[in-house]
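Notes to accompany the following structure.
A short reminder: the numbers here are calculations on the coordinates, not readings from a lab. The structure presented is a predicted model; accordingly, all values stated were derived computationally and were not measured. Neighbour counts run over all protein chains shown; Cβ positions are idealised from the backbone, glycine included.
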Amino acid sequence: MSDKDQGPTESVLRRIEGFAKDHHDSGYEQGFVDAYNQAQKSLARRSLVWLLAGLLIGGVIAWQVTINTVEGAAEPIEVIDPIKAGATPGLELTNAANFARSYTVGVVAERTNRIGVVAERQSGSGFFYGEEGYVITNYHVVEGANSFSIEWRGRIYPARYVGRDNDGRDIAVLRIATRGIKGAELLPEDEAVKIAEQVIAVGSPLGLDYTVTAGIVSHTSRKLQDRSGINYIQTDCAINKGNSGGPLVNRQGRVVGMNTKIITSTGDSAGIGFAIPVKDIRQVADSLIAQDDGTENDVMGEGTATETAYLGVRVEPARNQGGLIVVEVVPGTPAEAGDLRVDDVIVGVNGVRVYGSRDLANELQLRYKPGDEVTINILRAGGQKNLRLTLGGIEVQRR
């Protein structure tokens with residue numbers, strides 16, 4: 001086993017040391033994860049801190065990363081295509097996993113404030129698309145950020161945000177300056193995923209880079225309560241925090257989908273995961289790449305003001321119940337008009353489970369607009385209630 005296969009390096013540990021803060025978001029969409037109260041103590045458990053926090057908020061000054069821009073052509077990497085190599089009895093999944101490793105990446109997205117201090121940091125997974133440096137990931141992994149980097153084979157590559165799907169599909173495209181890195185092999189358009197087909201999920205769950213879990217396709221066309229219109233691939237592969245954006249791969253090493261969501265009562269994998277099919281990925285990626293003019297953008301836009309959906313509550317994690325406990329209801333807001341009260345526990349929006357404040361913000365701001373009616377699912381005095389209310393609007397400045 002090579003050194004780069006043995007977990008995080010000393011330099012990585014030094015970069016992470018002092019950064020982890022107490023934050024408790026754990027996401028239905030798994031790119032946003034809990035940094036854990038004991039993250040600093042876990043530095044002794046070195047493999048558990050690599051790419052650990054999907055979302056860290058606070059005055060993060062002690063953690064400074066030096067990134068060396070890598071441009072030009074990539075060094076050739078010898079990988080064996082499982083299809084070209086032919087089937088090896090008992091090693092099909094191993095060969096597929098090794099092949100997938102050649103195109104799977106870690107994605108890091110940061111939001112810096114006006115003086116350049118990192119205020120928020122998110123991480124997830126992704127994969128190369130084509131040979132021009134494009135990377136596919138989930139939009140929720142990069143949402144709200146203005147600085148991006150790709151981690152691949154022990155190196156960090158600064159990345160540029162290209163764009164996202166405008167129809168609610170959780171797909172975004174980034175690009176690095178380096179060319180010639182071979183992209184993922186996708187399932188051919190004339191082939192379909194089959195029920196009970198063996199697949200592997202590749203990514204960086206819980207900070208463990210290049211982790212592979214195996215399972216089967218549980219359903220090929222699952223509808224969820226979102227506005228994407230996607231027929232998700234359901235799988236029982238263990239998909240955990242940090243897997244978002246990583247590829248779901250078949251026995252031939254072909255990407256059949258992108259790991260995006262799980263259903264869970266704890267925030268951890270329960271064997272019910274969902275991937276965006278490769279058909280949707282192709283459609284979105286090809287469209288965004290065709291429109292790419294090389295402009296240096298960030299996800300939030302450049303100096304524009306926009307109105308976003310507004311509820312009007314301050315919430316904190318409800319540790320013993322799951323969801324978010326309301327600690328303040330702002331007077332004159334939709335929350336007050338809709339009878340949300342202090343000590344209510346918000347557990348969902350229109351039946352879609354939320355576990356952290358990032359989930360709630362994503363669900364309201366990405367799925368709905370000011371003036372939309374929504375049902376807020378809550379727990380109150382030990383019982384469940386559904387509150388119907390109309391979302392307000394608030395103007396936010398996009399840097």
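Brief remarks follow.
- Taken along the Cα-to-beta-carbon direction at a fixed 7 Å, the label points for Ala381 and Asn98 span 6.4 nm.
- Entries of Lys194/Lys369; Lys223/Lys369; Lys279/Lys385 with Cα pairs more than 31 Å apart: Lys194/Lys369; Lys279/Lys385
- Peptides 227-237, 338-348, 120-130 ordered by average Cβ neighbours within 10 Å, highest first: 120-130, 227-237, 338-348
- Exposure proxy for Ile263, Ile276: other Cβ atoms within 10 Å of each Cβ, ordered fewest to most, give Ile263, Ile276.
- In percent, rounded to a whole number, the relative contact order of the stretch 191-288 is 25, using alpha-carbon pairs under 8 Å and six or more apart.
- Cα-projected label distance for Ala337 with Lys182, points at 7 Å along beta-carbon direction, nm: 5.8
- Spin-label pair Asn166-Glu316: with each label point 7 Å from Cα along the Cα-Cβ axis, the two points sit 4.2 nm from one another.
- If you plug the beta carbon distance of Gln198 and Gln283 into 1/(1 + (r/R0)^6) with R0 = 41 Å, you get a FRET efficiency near 0.95.
- Ordering of 183-195, 311-323 by burial proxy (mean other Cβ atoms within 10 Å per residue, highest first): 311-323, 183-195
- Full extension of the chain between Glu132 and Ile80 yields a length gain of 16.7 nm, computed as 0.36 nm times the residue separation minus the alpha carbon distance.
- Linear extension gain, Glu189 paired with Lys369, 0.36 nm per residue minus alpha-carbon span: 61.3 nm
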